[in-house]
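Okay, so here's the structure we're looking at.
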């Protein structure tokens, strides 16, 4: 007997309508402006500048080392061949006032620059003595700009009683710090002892005035006096009556 299969009709369950959420639009976050140069960029720039400066310094030192420096056996006087006395010394710094002292026929020193005045004889004579005592410790060859002689710090002009004149251009200090590079008469470049040059340059730092110049006093200004009043003062007559 055939089995009766009963299929119960499944009632379709009604589907609930989907509720769509209305999402509120979110405003995009404002973009943060990035700095033009970040901290890392600045650090890189600073390091690069320092590296370039170090390379320039090292390159300069290499050039100085490469330049031929011939040390002398013993320090020699720069003006050993000059037998006459120093008659004039003029020192022109790259910045500032020049100083010049001259010796007359009576062997008396006078200050010509920065102003004409009587000179301290001992200070001026000490400068002349220092000129004759300048010591050369070595000769150098190379381009003048290597030694700072393309733009000298000081120009020293020295005249002697026999009429000879010599010009000294003072450049950089040596790497060891014991001398200055000096070019003599736009020709020979030498190293002159530090103490000798600095002692001579004291004439610039302390001009040899006999007395410290005092500022000129201004003439006194007259204070106008207001005119006095010429009003007539009334005369009061007083009658004195004597009692018997």
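The values are calculated or read from the model by the stated rules, or taken from the named source; none is laboratory data. Only a predicted model underlies this, so the values are computations on that prediction, with no experimental measurement involved. Cβ sites come from the backbone with ideal geometry, for glycine too, and all protein chains shown count toward neighbours.
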*In segment 175-212, what residues are touching a residue at least 24 places away in the same chain (Cβ under 8 Å), farther than 24 Å from residue 122 by Cβ and outside any strand (DSSP E or B)?*
175, 178
*Using the structure shown, decide if residue 146 is in contact with a strand residue (DSSP E or B) (Cβ under 8 Å, 6 or more places away or on another chain), at pLDDT 90 or above and on the phi < 0 side of the Ramachandran plot.*
no
*Within segment 128-142, work out how many residues are within 27 Å of the chain's Cα centre (by Cα) and without any contact (Cβ under 8 Å) to a residue 12 or more places away in the chain.*
0
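Please work out if residue 147 is crowded, with 17+ Cβ neighbours inside 10 Å, within 21 Å of residue 102 (Cβ to Cβ) and touching a residue at least 12 places away in the same chain (Cβ under 8 Å).
Taking the combined requirement at face value, the residue does not satisfy it.
So which of 129, 44, 70, 102 ends up being surrounded by fewer than 16 Cβ atoms within 10 Å (Cβ to Cβ), out of contact with any helix residue (DSSP H, G or I) (no Cβ under 6 Å at 6 or more places or on another chain), modelled with pLDDT of 90 or more and not in a loop (DSSP other than H, G, I, E, B)?
Of 129, 44, 70, 102, the one residue that is surrounded by fewer than 16 Cβ atoms within 10 Å (Cβ to Cβ), out of contact with any helix residue (DSSP H, G or I) (no Cβ under 6 Å at 6 or more places or on another chain), modelled with pLDDT of 90 or more and not in a loop (DSSP other than H, G, I, E, B) is 129.
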_For segment 163-189, which positions are over 27 Å from the mean Cα position of the chain (by Cα) and either closer than 19 Å to residue 96 by Cβ or modelled with pLDDT under 90 (or both)?_
187
*Please find, among 196, 179, the residue that is more than 22 Å from residue 84 (Cβ to Cβ), crowded, with 17+ Cβ neighbours inside 10 Å and in contact with a helix residue (DSSP H, G or I) (Cβ under 7 Å, 6 or more places away or on another chain).*
179
